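**Q** Okay, handing you the structure first.
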Amino acid sequence: MDTKDQDKLKDEIIAEIKEKNEVTTLDLSKKHKMDHQSIVGIIKGLEIKEIVESEKMETKQIILTEDGKNCLEKGSPDIQILKELKANGPQTKKALIEKIGEKCFNQGFKMCMKSKSITHDKASDTLTLKIEEIPTEDKIQNLVKKVNDDNDPSKYDANTTKELIKNLKFAQIETNKFFKVKKGKNFDLGNVKFETDLTTELLSNDKWEKAKFGKYNYNTKGKEIQNGALHRLLSVRNQIREIFLEQGFEEMPTNNFVESSFWNFDSLFQPQQHPSRDAHDTFFLKYPKSANTEKKFPDYFLRVKEMHEKGGFGSIGWQYNWSSEEAEKNILRTHTTAVSSRVLYKLAEEYKKTGKFIPKKYFSIDRVFRNETLDNSHLAEFHQIEGFIADYELGLGHLLGTIEDYFKRLGIDKLRFKPAYNPYTEPSVEIFAFHPVSKKWVEIGNSGIFRPEMLMPMGLPSNVNVIAWGFSLERPAMIHYHLENIRELFGHEVNLKHTQDASIYYFKE
């Protein structure tokens, strides 16, 4: 609608109010054949100029659903079934559904069984009329007709509306919100144009003395600025990356979601019969099905095989026939520890070339994949924060101290450690943090000291120990953002508008 048409409509609305003293936006919408929200917008514009005043109103009415309309036209579902059986004798469910529709039949069948007006032979799935005479009065249809003629819910008792709405689902309550409009303080001025700014022209010609100025509305919100926002997880990732860099860590390359079972499991001294290799826990690739790890790393491949089958360096291994075919299977990586294994192998290769081992600290943050059942705390893909320190004579105290320092910097100081079992770490420790909203201790990571059976085949010095951990990204973030459902953090329910200030509010300095 252009400006001229809108001004004409405003003049007509003002004239109607002058004549009737009071109108509603619903009446105006019907009369002028316009969308109700458009009429409300025009009224709000007049209200700012105090030409009109408006009062928010609402009315409720009972509206028939499609099932209710069907009952109005053909009768209640149970009467429809009874009439069919009376006219044509016993019939199967299938036959009745074809005649009156599945939804109508299902409703009517329950009603007939409840009133014991029919019998049901389950063997033949046949319905038979049990009563001699069908009720001459269709009470439900009469009630639907009554509601259709007068849809004011205040005229019906609670039992009636409950029967129609909740039990039968023949009707629903519809709320109409609208505005009652009457004369305002400046009504006699008509649809006058109000000046919004004191301009040079108004001042130089003394027009300002006769001009009408609109009132400032200090409660009106300014125009929302369209700007970008970091996703909550990206915001947390950035802070975690900064923490590790401050602690002197280097970031590992993690740009391969597809990994061979060799690097994901076998190089970590994880036996091939381990439950985590089952299809219920791991996503296996159909194409390409296998990798070429043995051709690329033949010596290391054989050393890992021997460690699994026979052991070495004081270990007896797992004592089974190790399958190279199983090791070559491609998967979606289940943890980023596969990346740690590759990096440690490269450190060992450098040590072989130079004869010197340089202590290192590495971390990574990236996605991993598990064949999980989705619920409020589990996803099929999630992020893992991986890290390790390789140095001389490291022990459990160094591991726990590093973990505590990391989480303290992140703002989580309520921690618990629990002894655990991992095929590739000994000792192993699970980490739990306290969730302030759910009031529960939540597992947020696993850690330990890499076993010699994993490190020795790589060729690292025997007196070098590696402390390592794998933390969740989502669960600590849920603690920070006070969220109980992971879908609010990862998925379509995420509200990006809350992201910008959330980290400032929850994260400690």
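**Q** Please state which one of Phe417, Phe432 is in a strand (DSSP E or B), assigned by TED's automatic domain parsing to the domain that holds Pro461, in contact with a Phe, Trp or Tyr (Cβ under 7 Å, 6 or more places away or on another chain) and among the hydrophobic types (A, V, I, L, M, F, W, C). Outline the logic, then answer.
**A** Numbers: Phe417 fails: in contact with a Phe, Trp or Tyr (Cβ under 7 Å, 6 or more places away or on another chain).
The unique qualifying residue is Phe432.
**Q** In addition: Out of the residues in segment 83-95 that are assigned to a helix (DSSP H, G or I) and either surrounded by 20 or more Cβ atoms within 10 Å (Cβ to Cβ) or polar (S, T, N, Q) (or both), which is nearest to the chain's Cα centre (by Cα)? Can you show your working first?
**A** Step one: filter segment 83-95 for residues assigned to a helix (DSSP H, G or I), giving 83-88, 93-95.
Add one more test, that the residue is either surrounded by 20 or more Cβ atoms within 10 Å (Cβ to Cβ) or polar (S, T, N, Q) (or both), and what stays is 85, 88.
Working: Leu85: 50, Asn88: 53 Å.
Once the filter is applied, the top-ranked residue is Leu85.
**Q** Still on this model: Which residues, counting only those in segment 62-82, are surrounded by fewer than 22 Cβ atoms within 10 Å (Cβ to Cβ), acidic (Asp, Glu) and in contact (Cβ under 8 Å) with a residue 12 or more places away in the chain? If you could, list the steps in order and put the result at the bottom.
**A** Taking segment 62-82 as the starting set, the residues that turn out to be surrounded by fewer than 22 Cβ atoms within 10 Å (Cβ to Cβ) are 63-67, 69-70, 72-75.
Those left that are additionally acidic (Asp, Glu): 66-67, 73.
The one that is surrounded by fewer than 22 Cβ atoms within 10 Å (Cβ to Cβ), acidic (Asp, Glu) and in contact (Cβ under 8 Å) with a residue 12 or more places away in the chain: Asp67.
**Q** Any residue in segment 220-235 that is surrounded by 11 or more Cβ atoms within 10 Å (Cβ to Cβ), of a type outside the set (Asp, Glu) and under 26 Å from Leu344 (Cα atoms)?
**A** no
**Q** Among the listed residues Glu242, Glu250, Glu246, which satisfies the condition of being among the acidic types (Asp, Glu) and without any contact (Cβ under 8 Å) to a residue 60 or more places away in the chain?
**A** Glu242
**Q** Select from segment 435-473 the residues that are in a loop (DSSP other than H, G, I, E, B) and touching a helix residue (DSSP H, G or I) at 6+ places or on another chain (Cβ under 8 Å) and list them in ascending order. Explain how you work it out, then say what you get.
**A** Restricting attention to segment 435-473, the residues satisfying the condition of being in a loop (DSSP other than H, G, I, E, B) are 436-439, 451, 459-463, 473.
Within segment 435-473, Pro436, Gly459, Leu460, Pro461, Ser462, Leu473 qualify.
**Q** If you don't mind, there's one more thing I want to ask. How about segment 96-165: which helices (runs of 4 or more DSSP H) wholly inside it have at least 3 residues that are under 19 Å from Lys74 (Cβ atoms), in the same structural domain as Leu85 (by TED's automatic domain parsing) and under 45 Å from the mean Cα position of the chain (by Cα)?
**A** Numbers: elements: 102-115, 139-149, 158-162.
The helices (runs of 4 or more DSSP H) meeting that bar are 102-115, 139-149.
**Q** Right, next: Test Leu202 against the stated conditions and say whether it is surrounded by 14 or more Cβ atoms within 10 Å (Cβ to Cβ) and modelled with pLDDT under 85. Working first, answer last.
**A** Details: surrounded by 14 or more Cβ atoms within 10 Å (Cβ to Cβ): yes; modelled with pLDDT under 85: yes.
For Leu202, the condition - surrounded by 14 or more Cβ atoms within 10 Å (Cβ to Cβ) and modelled with pLDDT under 85 - is met.
**Q** Examine segment 262-277 for a residue that is of a type in the set (Asp, Glu), in contact (Cβ under 8 Å) with a residue 60 or more places away in the chain and either in contact with a Leu (Cβ under 6 Å, 6 or more places away or on another chain) or not assigned by TED's automatic domain parsing to the domain that holds Pro359 (or both), and state whether such a residue exists.
**A** Of segment 262-277, the ones of a type in the set (Asp, Glu) are 266.
Applying the additional criterion that residues be in contact (Cβ under 8 Å) with a residue 60 or more places away in the chain yields 266.
Checking the rest, the ones that are also either in contact with a Leu (Cβ under 6 Å, 6 or more places away or on another chain) or not assigned by TED's automatic domain parsing to the domain that holds Pro359 (or both) come to 266.
Yes, segment 262-277 has at least one match.
**Q** Okay, moving on. Output the residues belonging to segment 398-414 that are among the small types (Gly, Ala, Ser) and either surrounded by 16 or more Cβ atoms within 10 Å (Cβ to Cβ) or in a helix (DSSP H, G or I) (or both).
**A** Here is the first cut: in segment 398-414, the residues among the small types (Gly, Ala, Ser) are 401, 411.
Answer for segment 398-414, where residues must be among the small types (Gly, Ala, Ser) and either surrounded by 16 or more Cβ atoms within 10 Å (Cβ to Cβ) or in a helix (DSSP H, G or I) (or both): just Gly401.
**Q** Turning to a different aspect of this structure: Please determine, by comparing only the residues of segment 450-486 that are over 18 Å from Glu426 (Cα atoms) and β-branched (Val, Ile, Thr), which one is farthest from the chain's Cα centre (by Cα).
**A** Ile479
**Q** Still on this structure, please answer the following. Need pairs with beta-carbon distance below 9 Å; first residue without any contact (Cβ under 8 Å) to a residue 60 or more places away in the chain and small (Gly, Ala, Ser) and within segment 406-425, second assigned to a loop (DSSP other than H, G, I, E, B) and surrounded by fewer than 18 Cβ atoms within 10 Å (Cβ to Cβ); sequence gap 6+ or separate chains.
**A** Close Cβ pairs satisfying both conditions: none exist.
**Q** For residues in segment 2-37 being modelled with pLDDT of 90 or more and either among the β-branched types (Val, Ile, Thr) or in a strand (DSSP E or B) (or both), which is farthest from Phe178 (Cα to Cα)?
**A** Ile14
**Q** Filter segment 166-191 down to residues that are in a helix (DSSP H, G or I) and within 48 Å of the chain's Cα centre (by Cα) and give me whichever is nearest to Lys44 (Cα to Cα).
**A** Step one: filter segment 166-191 for residues in a helix (DSSP H, G or I), giving 166-167, 187-189.
Now drop any that are not within 48 Å of the chain's Cα centre (by Cα), which leaves 166-167.
Numbers: Lys166: 38, Asn167: 41 Å.
Result: Lys166.
**Q** Can you pull out the residues in segment 434-482 that are among the small types (Gly, Ala, Ser) and under 24 Å from Asp266 (Cβ atoms)? Please lay out each step first, then the result.
**A** Restricting attention to segment 434-482, the residues satisfying the condition of being among the small types (Gly, Ala, Ser) are 438, 445, 447-448, 459, 462, 468, 470, 472, 477.
Matches in segment 434-482: Gly445, Ser447, Gly448, Gly459, Ser462, Ala468, Gly470.
**Q** Provide a single number: the residues in segment 217-256 that are part of a loop (DSSP other than H, G, I, E, B), closer than 22 Å to His335 by Cα and not hydrophobic (A, V, I, L, M, F, W, C). Let's see the steps before the verdict.
**A** Let us first name the residues in segment 217-256 that are part of a loop (DSSP other than H, G, I, E, B), namely 217-231, 247-249, 252-256.
From what's left, closer than 22 Å to His335 by Cα: 249, 252-256.
Those still in the list that are not hydrophobic (A, V, I, L, M, F, W, C) too: 253-256.
Of the residues in segment 217-256, 4 are part of a loop (DSSP other than H, G, I, E, B), closer than 22 Å to His335 by Cα and not hydrophobic (A, V, I, L, M, F, W, C).
**Q** Hey, can you tell me all the residues within segment 38-56 that are touching a helix residue (DSSP H, G or I) at 6+ places or on another chain (Cβ under 9 Å) and part of a strand (DSSP E or B)?
**A** Here is the first cut: in segment 38-56, the ones touching a helix residue (DSSP H, G or I) at 6+ places or on another chain (Cβ under 9 Å) are 38-40, 42-43, 45-46, 49-54.
If the condition is that a residue be touching a helix residue (DSSP H, G or I) at 6+ places or on another chain (Cβ under 9 Å) and part of a strand (DSSP E or B), then Val52, Glu53, Ser54 are the ones that fit.
The values are calculated or read from the model by the stated rules, or taken from the named source; none is laboratory data. Predicted model, so just to flag it, every value in this text is computed and none were measured. Cβ sites come from the backbone with ideal geometry, for glycine too, and all protein chains shown count toward neighbours.
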